[in-house]
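Visitor: Sharing a structure below in structure tokens format, with a few things to ask.
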Amino acid sequence: MDNLNELREEYRRTGIGELLLDLLSRIVWSTVKQYPPAEYSGHGTWDQSTCEDVLNDWIAERLWGRSDLQAMLSSTNSTAQFRASLTTSLRQFLTNGRRRSVASNLYKRVCSMLREDPL
């Protein structure tokens, strides 16, 4: 993992360069797999193309659009904390973009009930 100061310097010099893009891509790929694609993916799958779409939309809407990336780089004290902030941002982005339906609400309710049932 790259040093936080290297990431800050890259952002100051070029915006999102190779180091940041690689980190953001890895966060997207590892995070989206935790979400059912039928509910959260525009194409119903988490293939490379869909993940690239999520990455680009997340960057445009949140990280640059709201200046979240600059705020996170300025306020975090370690690479691990920076990565955690990015992951939280992506999770919120995915949740806010989720297509809502009766089936997805029922699925969520059943999952919650199964987690709470001590069997």
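The values are calculated or read from the model by the stated rules, or taken from the named source; none is laboratory data. As the structure is a computational prediction, the values presented were derived from the model and not from experiment. We place every Cβ from the backbone using ideal geometry, glycine too, and count neighbours over all the protein chains shown. For the accessible areas, the whole protein counts, side chains as well, though only heavy atoms, and no ligand, DNA or RNA atoms are used. Shrake-Rupley method; radii C 1.70, N 1.55, O 1.52, S 1.80 Å.
Visitor: Could you go through the stretch 98-110 and let me know if any residue there is among the hydrophobic types (A, V, I, L, M, F, W, C) and in contact (Cβ under 8 Å) with a residue 24 or more places away in the chain. Full working, then the answer.
Guide: Of all residues in the stretch 98-110, those among the hydrophobic types (A, V, I, L, M, F, W, C) come to 102-103, 106, 110.
Right, trim to in contact (Cβ under 8 Å) with a residue 24 or more places away in the chain and you get none.
No.
Visitor: Sticking with this one: Quick check, is residue 21 open to solvent by 50 Å² or more (accessible area, probe 1.4 Å), more than 30 Å from residue 111 (Cβ to Cβ) and modelled with pLDDT of 95 or more?
Guide: Details: open to solvent by 50 Å² or more (accessible area, probe 1.4 Å): yes; more than 30 Å from residue 111 (Cβ to Cβ): yes; modelled with pLDDT of 95 or more: yes.
So residue 21 fits the description; yes.
Visitor: Ok, one more. So, in the stretch 24-34, how many residues would count as being closer than 14 Å to residue 73 by Cβ and surrounded by fewer than 14 Cβ atoms within 10 Å (Cβ to Cβ)?
Guide: 0
Visitor: Is it fair to say residue 84 is free of Cβ contacts under 8 Å to residues at least 24 places away in the same chain, surrounded by 13 or more Cβ atoms within 10 Å (Cβ to Cβ) and hydrophobic (A, V, I, L, M, F, W, C)? Reasoning before the result, please.
Guide: Values: free of Cβ contacts under 8 Å to residues at least 24 places away in the same chain: yes; surrounded by 13 or more Cβ atoms within 10 Å (Cβ to Cβ): yes; hydrophobic (A, V, I, L, M, F, W, C): yes.
Spelling it out, residue 84 is indeed free of Cβ contacts under 8 Å to residues at least 24 places away in the same chain, surrounded by 13 or more Cβ atoms within 10 Å (Cβ to Cβ) and hydrophobic (A, V, I, L, M, F, W, C).
Visitor: Please enumerate the residues belonging to the stretch 38-78 that are open to solvent by 50 Å² or more (accessible area, probe 1.4 Å), assigned to a helix (DSSP H, G or I) and over 19 Å from residue 3 (Cα atoms).
Guide: Here is the first cut: in the stretch 38-78, the ones open to solvent by 50 Å² or more (accessible area, probe 1.4 Å) are 38, 42-43, 45, 47-49, 52-53, 56-57, 60-61, 64-67, 70-71, 74-75, 77.
Checking which are assigned to a helix (DSSP H, G or I) leaves us with 38, 48-49, 52-53, 56-57, 60-61, 64, 70-71, 74-75.
Of everything in the stretch 38-78, those that are open to solvent by 50 Å² or more (accessible area, probe 1.4 Å), assigned to a helix (DSSP H, G or I) and over 19 Å from residue 3 (Cα atoms) turn out to be 38, 48, 49, 52, 53, 56, 57, 60, 61, 64.
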